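In what follows, a single structure is set out as structure tokens and then discussed.
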Amino acid sequence: MPRRRTEPERRTIMLPGGTEYVEGVVGYRAWGVHVESGVATLRSVVMTKHSWTPGAPVVAECAWGGEARHPAPASGCDCGVFGFSLASLAYQAFPERTTLHGEVILWGTIRLHEFGYRAEYAIPAALYLPEPLVSSESRAAHQRIASLAADRYDVPLVQRPRGLVAYR
């Protein structure tokens, strides 16, 4: 079992528009990617109808509370934008062959839970280059999709953290 961090890593970022600085918590996550006409869109792998808008933070909303909606994230509920505390947990939960992994900056109200954080706001910070898949053809296709997404969301496409094991 991976060791859990006691203090989350923090990073200062400049939000789109270039004026506001935010200190946020670094989380790790997986996204589904939809590509249409050469445009890659990041999507939540759990809330599959939710797409991430380039250049804009995701604002959490409770989708679980029914008529008793409340500000997200809330204690006693699973709402909020999720980020794992360790990159390896994102790979374990969501295999690389179906998703794109990377880093997300979380801020606003942040709640800790067993595997990471649930936050009020989030924005992608980096996407990881996919590891080799079954064939070089599928690897090249996956890397093209990763590149399209990194360009669209204006985030770096980087090697994933060293020593991280891919779960397939």
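The values are calculated or read from the model by the stated rules, or taken from the named source; none is laboratory data. Predicted, not measured: the structure shown is a model, and the values here were computed from it. Every residue, glycine as well, gets a Cβ built from its backbone with ideal geometry; the counts of neighbours run over all protein chains shown.
Which members of region 99-131 meet the condition of being modelled with pLDDT under 85, more than 15 Å from D151 (Cα to Cα) and either more than 14 Å from the chain's Cα centre (by Cα) or not polar (S, T, N, Q) (or both)?
Residues of region 99-131 that are modelled with pLDDT under 85, as a first pass: 99, 113, 129-131.
Subset that is more than 15 Å from D151 (Cα to Cα): 99, 113, 130-131.
If the condition is that a residue be modelled with pLDDT under 85, more than 15 Å from D151 (Cα to Cα) and either more than 14 Å from the chain's Cα centre (by Cα) or not polar (S, T, N, Q) (or both), then H113, P130, E131 are the ones that fit.
Among the numbered criteria (1) at pLDDT below 85; (2) under 29 Å from L129 (Cβ atoms), which single criterion is violated by R29?
(1)
Residues of region 32-46 being out of contact with any helix residue (DSSP H, G or I) (no Cβ under 9 Å at 6 or more places or on another chain) and either surrounded by fewer than 13 Cβ atoms within 10 Å (Cβ to Cβ) or at pLDDT below 55 (or both), which ones?
Result: E36, S37.
So which residues in region 112-129 are surrounded by fewer than 18 Cβ atoms within 10 Å (Cβ to Cβ) and out of contact with any Leu (no Cβ under 8 Å at 6 or more places or on another chain), if there are any at all?
Of everything in region 112-129, those that are surrounded by fewer than 18 Cβ atoms within 10 Å (Cβ to Cβ) and out of contact with any Leu (no Cβ under 8 Å at 6 or more places or on another chain) turn out to be L112, H113, E114.
Please work out which residue is surrounded by the fewest Cβ atoms within 10 Å (Cβ to Cβ), limiting yourself to region 47-61 and to residues that are out of contact with any strand residue (DSSP E or B) (no Cβ under 7 Å at 6 or more places or on another chain), at pLDDT 85 or above and of a type outside the set (G, A, S).
Top of the filtered list is T53.
On the basis of being at pLDDT 90 or above and either more than 24 Å from P57 (Cβ to Cβ) or assigned to a strand (DSSP E or B) (or both), does L148 make the cut?
no
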